[in-house]
Structures are given as C-alpha cells and as structure tokens.
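Undergrad: Starting off with a structure, shown below.
Coordinate-derived values only; no laboratory data. Everything numeric in this text was worked out from a predicted model, so none of it was measured. Ideal geometry is used to build each Cβ from the backbone, glycine not excepted, and the neighbour counts take in all protein chains shown.
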Amino acid sequence: MTTFALVGAGPGLGLATAGRFGAAGHTVALIARNAEKLDGLTADLARDGVQARGYTADVLDGESLTAALHTAAADLGPIEVLQYSPVPRADFMTPVLDTSADDLDAPLAFSVKGPVTAVNAVLPGMRELGRGTLLFVNGSSAVRPNPKVAGTSIAFAAESAYARMLHDTLAPENIHAAQLIIPGAIRPDAEHSSPDALAERLYGLHAKRDGFRHYAEPLPG
C-alpha cells in the first residue's frame, strides 16, 4: 500500500481529495500546522473507512516539513502521491506598488521553498517505487499576474516554473508532475470547482497523467 501525502490539509478541498485517494486504496498523510484540526480530519476520514494520520508541520519551516514527510512514509508506507496545496496567507496579497522586497520573503518561502523541500523529501521514495505523482494546486494569479495580489502572483509564477521543470525532467522516470489552476472560489455548489469535483479532477491527473497544466474552469475574461 502506498501513501497520498497532502501538504496543507483542510476541511474543504483537502478533506475531499484525501477521501478520494483513500477510496482508491491509498493510506493518507495529512500535513498542517494545527494538530487539533488534523485530529478532526483524520476522524472524518476514518468514518469513511480511510486510514489516515496527521502530522504537524509548517511549510515555512523546512525542517519540520521534511521530518513530517519522512515520518509519514515510515509510518504509512512509501509516498506515491504528493499534493502541495496550502492556502496562502492574506498578508501575501498586497498591491504591487505597496510590496517591498522584504514582503516577498514569506510568499516565496511558502510557494517555492516549501514545494522544493517537499519534493526533495519524497522523491527518493518515488524513485525506489519506480513511479510517483506530484500535484500542485494554484489560483489564477499563477498564470495571470494580478497587481492587486503581488505576493501570490510572483510566488505562484515561480512555483509554476518549478513544477513545469519537474514535469519535463522526471517524466522519463515515470514520475508525473501536474498543476491544477482553480480560477475562482471553491464552492460546494459549483459544478467544476466544488471540493468533490476538484478532488475527482486531481485524482484524474494522477491516474491519466496527461500533460502538465490543467484548469478547473476557464479563466474569466
């Protein structure tokens, strides 16, 4: 049995995606900062028959993130699928002319150093398995820079470049990197952007392995 590791576990998309991968037979490692929240999510998954365990880590703390992923693999089995989808902080979303160089430190650590750390932690195990999937989830500013949210626009663009390089470089090793762009809000009543619909889409990116960038819905305008 292999493990689906979710960095940025939460009650919406994260829980739905964990449930979808768990239903497909993966054990589930949930990674987030709040231990109490993780306990609640693992209990929800257990009610649906999904074997899951929570691990506390902060994506801004590389050592804690690496330790969480290594411990998860040791506890639950090798990590075959990594999803990196933590929600950016509100203070990353400042207008471009109000954004200083120092203001970019945290967004870049969150969206670039965090993914690099996570991938480096799981890649040896995927190579040993002979397969793997790396899933990156971003908002529309990753592909259409928005001057109202400069921090995420810059950091998401860098994360996209990193993920694309992984896609091209790791394909010969049967390790697939893919990005899902969610242009708007995740809403329970949305046809294509509800948690369940997005979870199914992310599972499809893992199963079908067709191309790098995908959109939950067309970009507006």
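Undergrad: Give me the pairs, please: first residue somewhere in segment 131-153 and over 19 Å from residue 12 (Cβ atoms), second residue anywhere and in a strand (DSSP E or B) and of a type outside the set (A, V, I, L, M), beta-carbon distance under 6 Å, and either six or more positions apart or on two chains.
TA: 132/80; 133/176
Undergrad: Continuing with this model, one more query. Considering only residues that are small (Gly, Ala, Ser) and out of contact with any strand residue (DSSP E or B) (no Cβ under 9 Å at 6 or more places or on another chain), which ones fall in segment 79-129?
TA: 90, 100, 101, 106, 109
Undergrad: In addition: Could you please give the count of residues in segment 80-132 that are among the hydroxyl-bearing types (Ser, Thr, Tyr) and either part of a helix (DSSP H, G or I) or surrounded by fewer than 14 Cβ atoms within 10 Å (Cβ to Cβ) (or both)?
TA: 3
Undergrad: In segment 133-162, what count of residues is obtained for those that are over 16 Å from the mean Cα position of the chain (by Cα), polar (S, T, N, Q) and surrounded by fewer than 23 Cβ atoms within 10 Å (Cβ to Cβ)?
TA: Qualifying residue count, segment 133-162: 1.
Undergrad: Go through segment 44-62 and give me each residue that's of a type in the set (Gly, Ala, Ser) and either within 18 Å of the chain's Cα centre (by Cα) or outside any loop (DSSP other than H, G, I, E, B) (or both).
TA: 46, 52, 54, 57, 62
Undergrad: Filter segment 108-124 down to residues that are closer than 20 Å to residue 2 by Cα and out of contact with any Gly (no Cβ under 8 Å at 6 or more places or on another chain), then give me how many there are.
TA: Summing the residues that are closer than 20 Å to residue 2 by Cα and out of contact with any Gly (no Cβ under 8 Å at 6 or more places or on another chain) in segment 108-124 gives 5.
Undergrad: Quick check on segment 47-67. Is at least one of its residues hydroxyl-bearing (Ser, Thr, Tyr) and free of Cβ contacts under 8 Å to residues at least 24 places away in the same chain?
TA: yes
Undergrad: Return only the number of the condition from (1) closer than 25 Å to residue 1 by Cβ; (2) touching a residue at least 40 places away in the same chain (Cβ under 8 Å) that residue 186 does not satisfy.
TA: Here residue 186 clears every test but (1).
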